[in-house]
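What follows is one structure encoded as structure tokens, with my remarks underneath.
The values are calculated or read from the model by the stated rules, or taken from the named source; none is laboratory data. Since the structure is predicted, the reported quantities are computational estimates derived from the model, not experimental observations. Every residue, glycine as well, gets a Cβ built from its backbone with ideal geometry; the counts of neighbours run over all protein chains shown. Each accessible area value is taken on the protein alone, full model and side chains, heavy atoms only, with ligands, DNA and RNA left out. Shrake-Rupley method; radii C 1.70, N 1.55, O 1.52, S 1.80 Å.
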Amino acid sequence: MSENSIETLMNEERTFDPPEEMLENSNITAQQYEEACRIADEDPEKFWAERARELLLWKRDFKTALESDPEKNEYKWFAGGRLNASENCLDRHLENGKRNKAALIWQGEPEDEVRVFTYHMLHRKVCRFANVLKKMGVSKGDRVAIYLPMVPELVISMLACARIGAVHSVIFAGFSAVSLQSRIIDCDAKILIAADGVLRGGKTIPLKRNVDEALFECPSVEQVIMVKRTGDEIDFIEGRDTWWQDEMAAPDIEDYCKPESMRSTDPMFILHTSGSTGKPKGIVHSTGGYMTITAHTSQWVFDLKDDDVHWCTADIGWITGHSYTVYGPLALGATTLLFEGVPTYPRPDRYWEIINRYGVNIFYTTPTAIRSLRREGSQWTEKYDLSTLRILGSVGEPINPEVWIWFHEHIGKGKLPLLDTWWQTETGGILISPLPYVGKLKPGSTGHALPGIKTAIVRSDGSEASANEGGHLLITEPWPGMLCTIHNDDARYRRTYFERFPGSYETGDGARIDEDGFHWIMGRLDDVINVSGHRLGTTEIESALIAHPDVTEAAVVGIPHDVKGQSVYAYVTLRSGLDQDDETRTALCNWISEKISPIAVPEAIQFSEGLPKTRSGKIMRRILRSIAVGGTEFGDTSTLSDASVINDLIEGQKVLF
Ligand code: WTA
């Protein structure tokens with residue numbers, strides 16, 4: 001984040017009161033909130049046990065809320081309990097009058113492509129697909145990789161895995177063959193579910209090519225189940241590839257599949273996320289804790305009710321889509337909306353048109369989407385009646401107060417609660433957020449930690465920061481939904497999250513807490529760049545650049561970007577004699593797109609002869625970050641081995657902009 005935007009957040013003093021008329025019918029009133037805080041403070045385990053029992057169907061009750069071994073950073077939630085996530089999201093709603101209500105509304109990118117699944121229909125599809133997986137030999141504990149665009153089959157696949165106790169690992173369809181491959185290898189998947197292509201912005205993007213390339217070296221994958229989406233011609237590998245619709249229509253596939261009774265602590269899914277070093281981390285979530293936090297936060301934060309249409313715009317390839325498109329809303333028996341397209345195609349009113357068309361009640365999106373729509377002007381919002389909306393939410397990166405105000409004013413008509421929710425892949429669900437009808441909202445602040453969640457801001461030496469002093473954001477007590485480990489790397493799990501500040505979970509974010517207890521998130525403290533709400537590790541991008549035959553050295557930093565929040569700025573040293581021109585830049589950008597994802601493509605590439613390094617060879621990123629934004633003051637540079645590189649870099653930056 002830029003110094004400037006931190007300043008703006010620091011000075012924000014506007015506050016907004018929740019709409020009083022809504023309070024009465026909300027899932028949690030001010031009084032209940034006070035009470036919840038009291039119970040959670042006095043006896044957090046009792047608080048969580050009550051929530052878990054109230055929200056979920058347990059096939060066997062748990063004995064204790066939490067079994068922990070702090071030495072090993074092992075936290076087992078609801079141990080002894082048994083449940084099934086898919087049963088919680090589907091079966092129990094068939095019995096309580098919701099059989100024929102819409103569970104999932106799918107809006108395809110083409111405006112006339114819509115599919116609606118009632119709970120009955122979704123249950124049947126999930127059961128059938130679970131039977132397909134079983135027929136292919138998938139059983140409890142096996143990993144299934146899913147590489148699909150935003151189509152209903154994605155939701156069906158996830159729930160089918162959960163039904164038979166297979167561990168799903170969803171891989172964002174925007175990832176390249178290389179990223180797909182490393183994730184499949186990391187989770188050792190037996191089956192891959194993929195599609196021929198993606199529809200995006202009126203174009204089709206092929207996916208199957210990535211699949212074939214990735215599977216070149218993934219010996220664990222036995223079968224690929226292909227969903228037909230774009231209809232483009234693909235290479236079909238007999239014996240390995242099969243079509244989804246053929247498998248589903250097979251005469252021996254039955255409409256019912258008994259849900260597997262899972263231990264609360266059994267892994268439910270793996271989702272990879274970028275870390276500050278090395279390869280992406282496969283975050284493992286366990287069944288009982290994860291289902292509790294998603295159902296709990298959907299109910300309290302989004303005030304989700306039975307008859308609500310809930311729309312979370314995030315791709316299911318990220319945790320936000322897992323928790324708030326799939327598991328949270330379905331666990332509560334609401335209607336969830338899945339949109340395949342982008343906010344600006346065919347026109348920048350797509351979101352508003354969808355809200356109007358389906359009568360969306362809860363709209364959860366990202367600052368980057370709002371920034372891009374705000375840029376298009378408010379005339380696009382004014383065409384539509386958005387009066388069904390009740391709650392707005394934002395997630396993924398800090399929302400600039402001006403953007404918050406625009407969202408609140410133009411979409412929330414100056415009165416709806418706009419909740420800036422903070423959480424991470426690792427936390428499973430929202431941990432810090434205002435509740436819609438309790439207390440004030442401050443634009444740019446994520447409010448208080450939810451009841452039962454304990455946060456602290458500490459200095460680098462571990463001492464507690466004072467009010468308004470920025471520092472490391474820690475979660476000091478375990479919570480249901482916290483990751484249980486990093487797949488295949490328990491040591492990295494302990495090192496990454498628990499080593500530096502023993503006894504607490506280290507989020508990797510910088511934040512401050514003001515005198516009213518409101519949290520103000522400042523962004524990542526580690527070398528992670530947040531581009532449009534997507535976490536990218538600088539080392540991942542650097543490693544990819546260095547892997548290019550023309551490149552000898554590379555360093556990557558994040559710089560502020562009007563729409564994306566942050567963008568990637570790369571310093572690249574080429575082998576001598578090569579042309580430092582736009583053609584090379586394009587080649588490197590294509591390379592990154594191919595090796596990682598189009599999201600990771602640098603906004604700017606500066607060719608440099610050398611990088612600022614300490615005598616021990618460590619690149620001083622602080623200096624690179626400053627140069628990238630035209631800075632000239634670098635603080636203490638006495639540890640640099642060769643300070644002269646700085647002037648060259650400053651000159652190089654000026655030429656670029
Ligand atoms: C950032 C997304 C500011 C933060 C759910 C965190 C936020 C990372 C907010 C996790 C917010 C998330 N305000 N920053 N409301 N929400 N972040 O794992 O840096 O994709 O560590 O999970 O996004 O990203 P992840």
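Between the amide H of Val531 and those of Leu536, distances stay under 5 Å, these residues lying 5 or more places away or on another chain, with hydrogens modeled in the peptide plane.
Within the chain, what whole-number % of the accessible surface is contributed by carbon and sulfur, with the 1.4 Å probe and all protein chains included in the calculation? Walk me through the numbers before you get to the answer.
Working: 11950 of 25320 Å².
After summing per-atom areas, the C and S share lands at 47 percent.
May I ask you to order 182-189, 412-419 by the average number of other C-beta atoms within 10 Å around their residues, highest value first? Write out the running numbers ahead of the final one.
Details: 182-189: 21.5, 412-419: 19.1.
The most tightly packed comes first, giving 182-189, 412-419.
From the square roots a ≥ b ≥ c of the eigenvalues of the alpha-carbon gyration tensor of region 91-218, which class results: rounded (a/c under 1.5), prolate (a/b over b/c), or oblate? In terms of gyration-tensor shape, oblate. Between the listed residues Val126, Pro19, Gly137, the Cα displaced farthest toward the positive end of the dipole of region 1-147, a dipole computed from Cβ unit charges relative to the Cα centre, is found at Gly137.
Going by the alpha-carbon gyration tensor, a ≥ b ≥ c the square roots of its eigenvalues, is region 570-650 rounded (a/c under 1.5) or, if a/c is not under 1.5, prolate (a/b greater than b/c) versus oblate? Numbers along the way, then the final one.
Working: a/c = 2.12, a/b = 1.78, b/c = 1.19.
It is prolate, given that a/c is not under 1.5 and a/b is the larger ratio.
In this rough spin-label picture, where each label sits 7 Å from Cα along the Cβ direction, the Thr586-Asp461 distance is 5.5 nm.
Full extension of the chain segment joining Lys140 with Glu13 gains 40.5 nm, where the gain is 0.36 nm per residue of separation less the Cα-Cα distance. Annotation for Lys454 and Lys440: the two label points, set 7 Å from Cα along the Cα-Cβ direction, are 2.8 nm apart.
A 1.4 Å probe run over the protein chains yields, for region 124-242, 34 Å² of accessible area per residue, whole-number rounding. In summary, the lysines within cross-link reach of Lys442, defined as a Cα separation below 18 angstrom excluding same-chain residues under 8 places away, comprise Lys413, Lys415.
Backbone geometry of region 593-599 corresponds, through the Karplus equation with coefficients 6.51, -1.76 and 1.60 at θ = phi - 60°, to 3J(HN,Hα) couplings of 4, 6, 7, 10, 4, x, 4 Hz, x marking Gly and Pro.
For region 495-636, the solvent-accessible area works out to 42 Å² per residue, with a probe of 1.4 Å and every protein chain left in place. Working from label points 7 Å from Cα in the Cα-to-Cβ sense, the Glu95 to Ile39 distance is 2.3 nm. Taking every DSSP helix (H) stretch of at least 4 residues in the chain, weighting each as -39,500 (n - 2.57) and dividing the sum by the residue count yields a mean residue ellipticity at 222 nm of -8500 deg cm²/dmol.
Taking the charge dipole of the chain about its Cα centre, with +1 at Lys and Arg Cβ atoms and -1 at Asp and Glu Cβ atoms, the residue from Leu304, Ile362, Leu83 reaching farthest to the positive side is Leu83. With 30 Å as the limit, the listed pairs Lys101/Lys564; Lys76/Lys564; Lys76/Lys440; Lys305/Lys383; Lys125/Lys454; Lys63/Lys258 have Lys101/Lys564; Lys76/Lys564; Lys76/Lys440; Lys125/Lys454 beyond it between alpha carbons.
To the nearest 20 debye, what charge dipole does region 543-596 have about its Cα centre, counting +1 at the Cβ of each Lys and Arg and -1 at the Cβ of each Asp and Glu?
On the way: 4 positive and 8 negative charges, 49 e Å.
Once rounded to the nearest 20, the dipole reads 240 debye.
For the chain, Cys37, Cys89, Cys161, Cys187, Cys218, Cys312, Cys484, Cys589 have no disulfide-compatible partner, since no other Cys C-beta lies under 4.7 Å from theirs.
Evaluated with a Cβ-only charge set (Lys, Arg +1; Asp, Glu -1), region 507-657 carries a dipole of roughly 280 debye about its Cα centre, given to the nearest 20.
Checking the a/c ratio against 1.5 first, then a/b against b/c, what shape does the Cα gyration tensor give for region 257-323? The shape class here is oblate.
Within the same chain, lysines fewer than 8 places from Lys203 are excluded, and of the rest, those with a Cα less than 16 Å from its Cα are Lys228. Each Lys and Arg contributes +1 and each Asp and Glu -1, all at the Cβ; summed about the Cα centre of the chain, the dipole is approximately 1220 debye. Go through Phe236, Thr507, Tyr324 and say which Cα lies farthest out towards the positive end of the charge dipole of the chain; charges sit on Cβ, +1 for Lys and Arg, -1 for Asp and Glu. Highest projection toward the positive end goes to Phe236.
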